[in-house]
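Each reported figure results from applying straightforward, stated rules to the coordinates on display, with no laboratory input. Everything quoted here is computed from the prediction, not taken from an experiment. Counting neighbours? That spans all protein chains shown, and the Cβs are built from the backbone with ideal geometry, glycine included.
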Amino acid sequence: MVVDETWYLVLSAMLFTIGTAGLLLRRNPLVMFMCVELMLNAVNLTFVTFSNVLNDVAGQVVVFFVLVVAAAEVVVGLGIIVAILRRRPNATADDVSMLRG
Amino acid sequence: MIIDTVVFAVAAVVILVGALGVVFSRNPVHSALMLVMTLFGVAVLFVAQEAHFLAAVQVIVYAGAIVVLLLFVIMLLGVDVAENLSTDPLAGQRPATGVVAAAGVGLLAVLAVRAVQVSTGAQSVTLPLDAGRPNIAVLAEVLFTDYLFAFEVTSVLLVIAVVGAVVMARRPRSEEADGADGEEQGVERHTDTESELA
């Protein structure tokens, strides 16, 4: 059996869907963050797959930028989560409604 | 090639088990460790597809920095308590998740199969990967010529993220001056707001 790009794309689709389902299912903001990382990784895998298939380096460049933006996003997101959890320990995503004025 | 198939199968199992572990672990620490497992699996598939530099960056940045940052927040804030999944505060969210997951798998699998048929498979002429040089050399040359502007904008983004994180993590000056009372005041103020809302 030859591993072709379809296998990679289907695996990436499954990973993305697991991430989406986790984001909807979980209420702990930290775990929701991890699920977003799963979705980002699924997209990265797709980019690298097409980069390999089409012999084009642009896909790998995009993955590089996705990694940087993901790192920045985690830093800012964790800052917000720390600010909320310090004021109210054991907060879940539902409790963010307390931001209402 | 039998080796390719075996590597893909092992990596795919590792990725999917890790991803399901992230979603279904009750303890956030376990979720973070399962996330590391998934990230390593993706790095293996990057190597299998000749993206060696990205595989290294994946392990260093994701497994080394992002997951450690998540674990630091979990440990420092002491939020590593098991989540109570028995109640469903938002009625109908669980069934909706099931529907979204089923539809997502079906739709994305169809898309993945179709995408290969739609793709012409035309090989790149401007930015080829196999120019007889190592992967990292090709990537670096493109990054510092064609994508230089985006690369510089990235550095601005990182500075903004650092400044934002410091501003949000800092306590307001009034609370700092009061010392330990600041925390209590914060809680009190919050309780007041809650009673007002009620």
For this session: Test A:Thr49 against the stated conditions and say whether it is buried (at least 18 other Cβ atoms within 10 Å of the Cβ), touching a Gly at 6+ places or on another chain (Cβ under 7 Å), of a type outside the set (D, E, K, R) and in a helix (DSSP H, G or I).
Result: no
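Among the candidates A:Val43, A:Val57, A:Val31, A:Val10, single out the residue that is aliphatic (A, V, I, L, M), facing chain B (nearest Cβ under 7 Å) and within 15 Å of B:Leu54 (Cβ to Cβ). Explain how you work it out, then say what you get.
Values: A:Val43 fails: facing chain B (nearest Cβ under 7 Å); A:Val31 fails: within 15 Å of B:Leu54 (Cβ to Cβ); A:Val10 fails: within 15 Å of B:Leu54 (Cβ to Cβ).
On inspection, the qualifying residue turns out to be A:Val57.
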For this session: With the checklist (1) within 17 Å of the chain's Cα centre (by Cα); (2) small (Gly, Ala, Ser); (3) within 9 Å of chain A (Cβ to nearest Cβ) in hand, flag the one item B:Ala12 doesn't pass.
Result: (1)
Exercise. Which residue pairs have Cβ atoms closer than 8 Å, lie 6 or more positions apart in sequence or on different chains, and pair a first residue in the range B:131-150 that is closer than 14 Å to B:Phe53 by Cβ and at the interface with chain A (Cβ under 10 Å from one of its Cβ atoms) with a second residue that is of a type in the set (Val, Ile, Thr) and surrounded by 11 or more Cβ atoms within 10 Å (Cβ to Cβ)?
Worked result: B:Val138/A:Val57; B:Leu139/A:Val57; B:Leu139/A:Val61; B:Val142/A:Val57; B:Val142/A:Val61; B:Leu143/A:Val61
Exercise. Quick one: is A:Ala91 surrounded by fewer than 20 Cβ atoms within 10 Å (Cβ to Cβ) and at the interface with another protein chain (Cβ under 7 Å from one of its Cβ atoms)?
Worked result: no
Exercise. Inside the range B:125-169, can you point out the residues that are of a type in the set (A, V, I, L, M, F, W, C), crowded, with 16+ Cβ neighbours inside 10 Å and not in a helix (DSSP H, G or I)?
Worked result: B:Leu127, B:Leu129
